[in-house]
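*Asks:* Got a structure here, written out as structure tokens. Questions coming.
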Amino acid sequence: MELNHIGLNIRRIMKDKGISVLKASAFLGMSVSGVYDIFKRQLISDSALLEKIGQLTNASLLEIMNYGGETGSDEIGQRQTLFEWRNENEFLKEQIKEKDYLIKMLIESMTDRR
């Protein structure tokens, strides 16, 4: 029996319950990229973090550890690859938004000086 990927389980639970990464980051007191880092973890040993995630998602530790049940290893690998691609895509979109905002603020501050 293969262990489930806890980070993927957390992402699936959040998606199924309609919890955004932004909401999770605010609830957990971390950056959006920190939440995406959680999704990448196969194992999480920080019990305080798992407890907070349980509060956020209203899921038990057992649900977080086993969400989605057992699947074949090929399917897990394909899902993980697809998830990692989507995860990276979302992260890059957030980075672009942040950079656009910073550029806008810089331009505004430069025009205000004139």
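The values are calculated or read from the model by the stated rules, or taken from the named source; none is laboratory data. In this text, all values refer to a predicted model and were calculated from it rather than measured experimentally. Neighbour counts are summed over all protein chains in view; Cβ atoms, including those assigned to glycine, are modelled from backbone coordinates with ideal geometry.
*Asks:* State the number of residues belonging to the stretch 36-60 that are of a type in the set (D, E, K, R) and within 22 Å of Glu84 (Cβ to Cβ). Walk me through how you get there before you give the answer.
*Replies:* Narrowing the stretch 36-60 to residues of a type in the set (D, E, K, R): 37, 40-41, 46, 51-52.
If we keep only those that are within 22 Å of Glu84 (Cβ to Cβ) as well, we get 37, 40-41, 46.
Within the stretch 36-60, residues that are of a type in the set (D, E, K, R) and within 22 Å of Glu84 (Cβ to Cβ) number 4.
*Asks:* Only one of (1) modelled with pLDDT under 90; (2) surrounded by 12 or more Cβ atoms within 10 Å (Cβ to Cβ); (3) farther than 27 Å from Glu98 by Cα fails for Glu84. Which number is that?
*Replies:* Status for Glu84: all satisfied but (3).
*Asks:* Also: Could you tell me how many of the residues in the stretch 31-58 are surrounded by 15 or more Cβ atoms within 10 Å (Cβ to Cβ) and not in a helix (DSSP H, G or I)?
*Replies:* The total comes to 2.
*Asks:* Then there's this: Can you tell me which residues in the stretch 1-29 are surrounded by 16 or more Cβ atoms within 10 Å (Cβ to Cβ), at pLDDT 90 or above and outside any helix (DSSP H, G or I)?
*Replies:* Passing the criteria: only Ile19.
*Asks:* Is at least one residue of the stretch 64-75 at pLDDT 85 or above, of a type in the set (A, V, I, L, M, F, W, C) and not in a helix (DSSP H, G or I)?
*Replies:* Keep residues of the stretch 64-75 that are at pLDDT 85 or above, which gives 64.
Subsequent filtering for residues that are of a type in the set (A, V, I, L, M, F, W, C) retains 64.
Within this subset, residues satisfying the condition of being not in a helix (DSSP H, G or I) are none.
There is no residue in the stretch 64-75 that is at pLDDT 85 or above, of a type in the set (A, V, I, L, M, F, W, C) and not in a helix (DSSP H, G or I).
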